[in-house]
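Colleague: A single structure is presented below for examination.
The values are calculated or read from the model by the stated rules, or taken from the named source; none is laboratory data. What you see is a predicted model, and the numbers here were worked out from it, not measured in a lab. Note: ideal-geometry Cβ built from the backbone for every residue, glycine included; neighbour counts use all protein chains shown.
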Amino acid sequence: MVEITEQRVLDALRTVRDSGRGDDVVALGMVSGLNVAQGRVSFSLAIDPKDAARLEPLRKAAEAAVAALPGVVSAVAILTAHRAQPAPQRTPPHAHGEKPGLAGVRAIVAVASGKGGVGKSTVAANLALGLAAQGLKVGLLDCDVYGPSMPLMMGVKDKPTKAVDGKRLAPPVSYGVKVMSMGFLASDKTPMIWRGPMVANAVEQMLRGVEWEPLDVLIVDMPPGTGDAQLTLAQRVPLAGAVIVSTPQDIALLDARKGLNMFRQLEVPVLGIIENMSYFHCPHCGERTDVFGHGGAKREAHDTKVEFLGEIPLDIVIRDTSDSGKPITATQPDSKHAEAFREIARKVWAKVSGESARTPPRIVVQ
Ligand code: ADP
């Protein structure tokens, strides 16, 4: 089978021209959030919102050009609102009172990554569970419009129900964490095609149309890249901060830097970087191999003056537990991976709450 690379997708997109502006969509810098995973391609085309109707055929043409590539299973293009100058208005962190937060929710933390497949959702789920393990009340909001995976990862069996007030939704609870997902909004079989304004509306609904309170912290699993969901979230509610998940590969890190810069531009504090699939832990011999050149995220954190929050190895047990709805932090709390996630969670909570980490008392056997 022909392997689909970002380069091939971009080459295909170079054949798609915006006749209004006389150049192709790549040259015009419209393509962002490109994600290629197992033949499934998604990306967004940044446009001025007033051109949305005029550019719908362009969106379709871009999708068709990519879908025609051999090896592509599906191609999804969304139009996202590109705001030219001035930069998006956002309330600075010190003035949270000016922007309505979520009543009864102390802190909202976004989990982001530059590209897909780096384990962002796995980290988001285990981070939420690590926070819950500290006795905190935790919610997990899956805003990954391209591939909502939380219902599966958190082993959620129930759908949201109507809240007592009759207007909002009450989220199902799994392993003690309230979970809400874009995936609940669509049936399993119909892939959703999202346009910019739809993403913004859905994010808004997921925030204010859900009975989250009372919560200490709401973890939001963002779609990969830099797009409308990130922009909407940062603009509509005060964010306590963002956590960036990256693999050690340099290419992933270049993408991670884009995410980092976006949050900085939106004046969202970047709480730190987590290196996932940091090294390979062999389940048979226990040996450790640095598959992707371990330590890239740590260097990146140093270079960009962001805290390095920790590293999680590539381990089949993480994959198995997370893909079978039994996240390791909840189901194998004594494992060292669970401890690593709890340690990351302690750092994150210390940063957003200003409280020093609640470390459980250590029992020392003499
Ligand atoms: P993303 O949200 O970035 O697209 P996911 O969290 O969905 O990524 O992870 C992609 C795949 O990689 C999943 O099958 C997941 O179980 C697996 N995975 C994530 N982190 C690890 C890890 N540290 N070790 C092994 N497998 C992992």
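Colleague: One residue is enough: does the range 317-331 have a residue meeting the conditions more than 10 Å from the ligand (Cβ to nearest atom), under 20 Å from the mean Cα position of the chain (by Cα) and buried (at least 16 other Cβ atoms within 10 Å of the Cβ)?
Modeller: Of the range 317-331, the ones more than 10 Å from the ligand (Cβ to nearest atom) are 325-326, 329-331.
Add one more test, that the residue is under 20 Å from the mean Cα position of the chain (by Cα), and what stays is 325-326, 329.
Still in the list and also buried (at least 16 other Cβ atoms within 10 Å of the Cβ): 325, 329.
Yes, some residue in the range 317-331 is more than 10 Å from the ligand (Cβ to nearest atom), under 20 Å from the mean Cα position of the chain (by Cα) and buried (at least 16 other Cβ atoms within 10 Å of the Cβ).
Colleague: Here's something else I'd like to know. Give just the number: which of (1) surrounded by fewer than 16 Cβ atoms within 10 Å (Cβ to Cβ); (2) closer than 16 Å to Val123 by Cβ; (3) of a type in the set (A, V, I, L, M); (4) at pLDDT below 90 does Ala301 not satisfy?
Modeller: Status for Ala301: all satisfied but (1).
Colleague: Now for a separate question. For the range 1-33: of the residues being assigned to a helix (DSSP H, G or I) and charged (D, E, K, R), which is nearest to Leu55 (Cα to Cα)? Before the answer, list the steps.
Modeller: Pass one, the range 1-33, residues assigned to a helix (DSSP H, G or I): 6-13.
Now drop any that are not charged (D, E, K, R), which leaves 6, 8, 11.
Working: Glu6: 23, Arg8: 23, Asp11: 20 Å.
If we take residues in the range 1-33 being assigned to a helix (DSSP H, G or I) and charged (D, E, K, R), then Asp11 is nearest to Leu55 (Cα to Cα).
Colleague: Name the residue that is farthest from Val245 (Cα to Cα), counting only residues in the range 258-289 that are of a type in the set (Gly, Ala, Ser) and within 16 Å of the ligand (Cβ to nearest atom). Give the steps one after another, and end with the answer.
Modeller: Our first condition is that a residue be of a type in the set (Gly, Ala, Ser); within the range 258-289, this holds for 259, 272, 278, 286.
Add one more test, that the residue is within 16 Å of the ligand (Cβ to nearest atom), and what stays is 259, 278, 286.
Details: Gly259: 10, Ser278: 11, Gly286: 25 Å.
So the residue we want is Gly286.
Colleague: Here is a list: Thr5, Thr15. Which entry is of a type in the set (Ser, Thr, Tyr) and under 23 Å from the mean Cα position of the chain (by Cα)? Talk me through it step by step, then tell me what you get.
Modeller: Numbers: Thr15 fails: under 23 Å from the mean Cα position of the chain (by Cα).
The match here is Thr5.
Colleague: Here's another thing I want to ask about it. Which condition does Ala65 not pass, out of (1) surrounded by 24 or more Cβ atoms within 10 Å (Cβ to Cβ); (2) at pLDDT 95 or above; (3) away from the ligand (no atom under 12 Å from the Cβ), if it passes all the others?
Modeller: Among (1) surrounded by 24 or more Cβ atoms within 10 Å (Cβ to Cβ); (2) at pLDDT 95 or above; (3) away from the ligand (no atom under 12 Å from the Cβ), the lone unmet condition for Ala65 is (1).
Colleague: Regarding the range 132-142, can at least one residue be identified that is in contact (Cβ under 8 Å) with a residue 24 or more places away in the chain, closer than 29 Å to Ile47 by Cβ and of a type outside the set (Ser, Thr, Tyr)? Before you say what the answer is, go through the steps one by one.
Modeller: Pass one, the range 132-142, residues in contact (Cβ under 8 Å) with a residue 24 or more places away in the chain: 132-142.
Then drop every residue that is not closer than 29 Å to Ile47 by Cβ, which leaves 141-142.
Of the ones still in play, those that are also of a type outside the set (Ser, Thr, Tyr) are 141-142.
Yes, there is a match, as at least one residue in the range 132-142 is in contact (Cβ under 8 Å) with a residue 24 or more places away in the chain, closer than 29 Å to Ile47 by Cβ and of a type outside the set (Ser, Thr, Tyr).
Colleague: Regarding the range 110-123, can at least one residue be identified that is of a type outside the set (Asp, Glu) and either away from the ligand (no atom under 14 Å from the Cβ) or free of Cβ contacts under 8 Å to residues at least 40 places away in the same chain (or both)?
Modeller: No: zero hits.
Colleague: What number goes with the only condition from (1) surrounded by fewer than 21 Cβ atoms within 10 Å (Cβ to Cβ); (2) over 18 Å from the mean Cα position of the chain (by Cα); (3) modelled with pLDDT under 90; (4) in a strand (DSSP E or B) that Leu45 does not pass?
Modeller: (1)
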